[in-house]
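*Asks:* Take this structure, written in structure tokens, and hold onto it; I'll ask about it next.
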């Protein structure tokens, strides 16, 4: 699921240039033959819950690899619909404070709660909605946090990242004709007056 995404554009370039490194540990790999990765929830309820010992084994191998490589400070994040809301400010803080980040992604009805308690993982949510699994949230964090690492963005991209700007942007043609109507670029953007342009962008934000 991650292969094509991580090979493209900014992330693909960052991995190739060794600005970031991403490694996967699948809890299913630690299942014994014919053993299930999940179980029915205690107390009843729908769905299946992922077993904790498999995630703890995966975590142990991941954290050992980090120590051998000389990682100095590791952040442990577990995705949860009830977790702290993820923001760009959070991404900047994590990128600055930690050398390594372990992302724990579940599926089905979730991961046995003891994993979070044992590892003291911070629970993070990317929004007020439910997804099938933690793969998409993991991609969101990988993308957003990687952008905050020096050298990952090119010079032009870095400048754009830091700009206080609006999502309202325009390019050619100056006048767009569509179904009998003319849609024009705001005059201020054609003025060449950088001060007025920046003021417009802040208002339009």
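Coordinate-derived values only; no laboratory data. Not measured: the values here are computed from a predicted model. Note that each Cβ is placed from the backbone with ideal geometry, even for glycine, and that neighbours are counted across all protein chains shown.
*Asks:* Quick check on packing: order 78-84, 192-198, 104-110 by the mean number of other C-beta atoms within 10 Å, highest mean leading. Don't skip to the answer; put the middle values down first.
*Replies:* Values: 78-84: 16.9, 192-198: 11.0, 104-110: 18.4.
Order by mean packing, descending: 104-110, 78-84, 192-198.
*Asks:* Report, in deg cm²/dmol and to the nearest 500, the calculated mean residue ellipticity at 222 nm for the chain, where each DSSP H run with n ≥ 4 adds -39500 (n - 2.57) and the sum is divided by the residue count. If you can, show how the numbers build up before the last one.
*Replies:* On the way: 8 runs with 77 residues, N = 205.
So the helix-based figure for the chain works out to -11000 deg cm²/dmol.
*Asks:* Find the relative contact order for the chain and round it to a whole percent, using C-alpha pairs within less than 8 Å whose residues are 6+ positions apart. Intermediate results must be reported in sequence, preceding the final value.
*Replies:* Details: 227 pairs, mean separation 39.8, N = 205.
Reported as a whole number, the value is 19 percent.
*Asks:* Then there is this: Can you tell me the Rg and Dmax of the chain, counting just the alpha carbons, in angstroms?
*Replies:* Expressed in Å, the Cα Rg and Dmax of the chain come to 22.2, 70.
*Asks:* While we're on this one: Take 17, 3 and order them by how many other Cβ atoms sit within 10 Å, fewest up front. Write out the running numbers ahead of the final one.
*Replies:* Values: 17 10, 3 6.
Fewest to most other Cβ atoms nearby, the residues stand as 3, 17.
*Asks:* Most fluctuating residue of 171, 74, 87 in a GNM of the chain with Cα springs under 10 Å: which is it?
*Replies:* Residue with maximal mean-square fluctuation among 171, 74, 87: 171.
*Asks:* Moving on. How much FRET efficiency would the formula 1/(1 + (r/R0)^6) give for residue 118 and residue 155, where r is the Cβ-Cβ distance and R0 is 45 Å, rounded to 0.05? Let's see the in-between values first.
*Replies:* On the way: r = 43 Å, r/R0 = 0.96.
E between residue 118 and residue 155, to the nearest 0.05, is 0.55.
*Asks:* By how many nm would the segment from residue 109 to residue 132 grow when fully extended, if each residue of separation counts as 0.36 nm and the alpha-carbon distance is taken off?
*Replies:* Numbers: separation 23, 0.36 × 23 = 8.28 nm, distance 0.91 nm.
Value of the extension gain: 7.4 nm.
*Asks:* State the Cα centre-to-centre distance between region 1-23 and region 174-191 in whole Å.
*Replies:* About 38 Å separates the Cα centre of region 1-23 from the one of region 174-191.
*Asks:* Starting from the Cα-Cα distance between residue 7 and residue 171, subtract it from 0.36 nm times their residue separation and give me the gain in nm to one decimal.
*Replies:* Details: separation 164, 0.36 × 164 = 59.04 nm, distance 2.86 nm.
Length gained between residue 7 and residue 171: 56.2 nm.
*Asks:* Hey, with R₀ at 25 Å, roughly what FRET efficiency would residue 17 and residue 143 work out to, going by the Cβ-Cβ distance, to 0.05? Walk me through the numbers before you get to the answer.
*Replies:* Values: r = 16 Å, r/R0 = 0.65.
So the FRET efficiency works out to roughly 0.95.
*Asks:* Give the Cα extents of region 7-106 along the principal axes, in whole Å, largest first.
*Replies:* Extents along the principal axes, in whole Å: 45, 32, 29.
*Asks:* Assuming 0.36 nm per residue, please report the length gained on full extension of the stretch residue 34 to residue 96 beyond their Cα-Cα distance.
*Replies:* Working: separation 62, 0.36 × 62 = 22.32 nm, distance 4.31 nm.
Working it through step by step, the gained length comes to 18.0 nm.
*Asks:* In the Gaussian network model of the chain, springs joining C-alpha atoms below 10 Å, which of 129, 98, 183 carries the largest mean-square fluctuation?
*Replies:* The residue with the greatest mean-square fluctuation here is 183.
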